[in-house]
Each structure stands twice: as structure tokens, then as C-alpha cells.
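Shown next, in C-alpha cells, is the structure this report addresses.
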Amino acid sequence: MAVDREAVTQTQSTAPAPRANPDLVGHEAAERELERLFRAGRLPHAILLAGPRGIGKATLAFRFARFVLAQGDDMLGQGDDMPTQGDPAAAAVGGDAAGQSGLAIAADSGVFRRVAAAGHADLLTVERAWDPRRRRLRGEIVIDDVREIIGFFRLTAAEEGWRVVVVDGAEEMNRSAANALLKIIEEPPDRGLLLLVSHNPGRVLPTIRSRCRQLRLMPPSQDLAARLVRHYRPRLDAAEAASLAALCGGSIGQALGLADSGGFALYRTLLEILSTVPELDVPRLHAFADRLVRSDADDAYRVTEELLLQLVARLATTRIATALGPESDIVAGERALLQNLGDRALGDRAERGRWAALHAKIADDFAAADGLNLDRRQTLLGVFFAIAEAAR
């Protein structure tokens, strides 16, 4: 398991960005399937790696890209003779996969170094680009980003092997970009491979999904997640790491993001604001929203998005009293709040369906705010008021 975003602090070891990360723990079955397809000559031209955010999907995509690209690299040889390495993170946490290599190639190889430095001529990465005018990442992948793939696949492979494209955040393509990608998938180039990464595959065009081989990746156990959090953030004690893993449902990327951005404090404030639902402390809510939409608060805004979605998802899918247990507060007051919000949903399928519908609406609202550059403040306020209304 690895992290989908690089996070750097001064007092801790750092999980590398996906393209530079040699570690992957917990996805051995997916690795074996990808290797089997490749060695059997049955590799699909488009693969969709789906699963929750922050569990290592992008890391697996770049790991497989390196493996495929290495087949044509003279330094690394061919097929079964290609040197591999175990994963340091697997060994550190004592996981079942410690010492196994899977698709790994040596971190000191030329292929690994060039991919890590975004300098491999036969690998193209497509993701949300930086918007210099707004000084933040664009809210969506646009058609110009996808058009790069067309030109890339028209070129002859520089190293006489495969050409690989990683689309990181496939659900973030707007309609025009998605339609352009669909045409590429329908007319795949020879020895060309598309690796799509998505934490929300339901937002990817159905026609794209139907033409991809889908591999669903699952989060690790909370125990393994907690050990990985401590591996990457040794300054945390065991209890803190376990709380982060529990709060994030096993997502290592989100847990590290919370650790680095004051996520516990944000979660505590979020719970306090919702503690009086169906009524809300409106002045406090407005002050909270104002703080999150400042130009220097993008990370905090993103963390709050995820925390709100996770909270509503738990209401939609769990029996609160059973799921939480007697001493399960991650922060003070969590159990009482979830019990208050979820009481009516405990035995009523229709009520749980209402929370599920609200989760979908909130996800759409946040996506629209990014994609259409809508007012983030009004989006946040609308989400809180929608939760309060659902609790009436």
C-alpha cells in the first residue's frame, strides 16, 4: 500500500510520489493478475484501476508502467531475467508481502530513475494541470490534456518497446476530454497501454468503463494501515496512527494528509458544528467556511471535503451502534453525533437510502465546484445545511 500524493514535513520520513515510490503493500493479487496478462500476451490496451482515494492505485499504475517499459530496456534484460527488489515498506510493517517482488524493478535501474524524474520518453502522464491564473490545479482534465495522448501514441516508441499513458484521476475528465479518450480506446495503437486511475469510477463514462479491464483495489486492514502510517510518520505514536487509519477507512494517503494538515482539529470542528443538528450554529459555520476558502487553505478545504463525504458514507452504510462499539470515539463526541444523525437509519432501509442519496449529491456538488469554478464557500455551506435537513 502506498500514497497517492507526496507529503513533505521536516521531522518525518516521507512517502514518495507515486511515480517514484518503490513500495506497494496489500495489492499482491492485482500485481499477479497484471503480470499474468502481460506474460501470457493477453494484456488489454486499457486498464482501469479503481478504489478509494489514497490506497496506492497510482503507485500500482506507475509500478506496472515501469515493469512494461523495462521489457524493452537492454540494461534490464527480458522477461523472467529482469531483476526485481522487495518493498521496504512491506518489510518495515512485517506484512505478508515482505520480500516479495511482484512487478517491482530495481530502484537504481535506468527505467525507474527516468520514470521517477518524469523523463521517460515512452511514458506520458495526464492529470489535472496547474492553472496559473487561479494559482491552483484546474478542477478537471480538459480536452487539450487528452489530445496530448493522440500525438504521443502516433510516435514510434523511443526505446523500441511499449508506449504507456497513465491518466491519474480519470473521473476528473470533462465530457469533451472523456469523449476524446473514448476514441483513442476504440482505436488502440499497437503496443500502446492506457492505465486509468480512478477513486470514483462511477463518474467515468460508461462507454469508457466497458472498454477497459477493471481491477478493483481495496483498502488494507486498519491494523496494516496503522503500521504503514507509523512507517511514514514515525513521530506519531501507535494510538494516533490507529486513530488516523480508522478515521480514513484504511486510506494511507488520506491518513498522511490528515496528519500533515491538522486534520484532527478540522474533524473536531466539523463535529462540533454538526453537534446541534438539525439546528446549526450559523455564525460559527460561516466563520469555518471563510477560513477554508482562503487562498492558503486549499489542503484544509480538500481534507474537509473528504471528512464530510466519509461521515455521510458511514451513515449510509453502517448500523452506528454496532459499527462504533463502546469506546470508539476518534475525537471526543464522534459517537454521540453519529448516533444522533443515524438513529432513524438504523433499522430503516429508506432512511439509509436517503443518506446514500445525500452522499451522491454532496460528491456531485464538490465536483461541480471544482469543475465549474463555483464558489467554494457557498458549496460548503450548502453541504452543511443539506446534512442538517437530512437529520430532521
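The values are calculated or read from the model by the stated rules, or taken from the named source; none is laboratory data. None of the values given here were measured: they were computed from a predicted structure. With ideal geometry, Cβ positions are generated from the backbone for all residues, glycine too; neighbour counts draw on all protein chains shown.
Things to note:
- Residues that are touching a residue at least 60 places away in the same chain (Cβ under 8 Å) and farther than 23 Å from Arg42 by Cα, drawn from the stretch 200-220: Asn200, Pro201, Arg203, Val204, Met218, Pro219, Pro220
- Annotation for the stretch 160-171: at least one member residue is at pLDDT below 95, surrounded by fewer than 19 Cβ atoms within 10 Å (Cβ to Cβ) and out of contact with any Cys (no Cβ under 6 Å at 6 or more places or on another chain).
- Residue within the stretch 147-163 that is within 24 Å of Ser210 (Cα to Cα), assigned to a loop (DSSP other than H, G, I, E, B) and in contact with a strand residue (DSSP E or B) (Cβ under 8 Å, 6 or more places away or on another chain) present: yes
- Scanning the stretch 39-58 for residues that are at pLDDT 95 or above and outside any loop (DSSP other than H, G, I, E, B) returns Ala46, Ile47, Leu48, Leu49, Ala50, Lys57, Ala58.
- Looking only at the stretch 115-159, and only at residues there that are more than 21 Å from the chain's Cα centre (by Cα), basic (Lys, Arg) and farther than 23 Å from His45 by Cβ, the one that is surrounded by the most Cβ atoms within 10 Å (Cβ to Cβ): Arg134
- Put simply, of Ala255, Ala289, Ala265 the only residue that is within 23 Å of Leu228 (Cα to Cα), touching a Leu at 6+ places or on another chain (Cβ under 6 Å) and at pLDDT 80 or above is Ala255.
- If you go through the stretch 353-385 and keep only what is assigned to a helix (DSSP H, G or I) and of a type in the set (A, V, I, L, M), you end up with Ala356, Ala357, Leu358, Ala360, Ile362, Ala363, Ala367, Ala368, Ala369, Leu380, Leu381, Val383.
- Subset of the stretch 246-288 [of a type in the set (S, T, N, Q) and within 28 Å of the chain's Cα centre (by Cα)]: Ser251, Gln254, Ser261, Thr269
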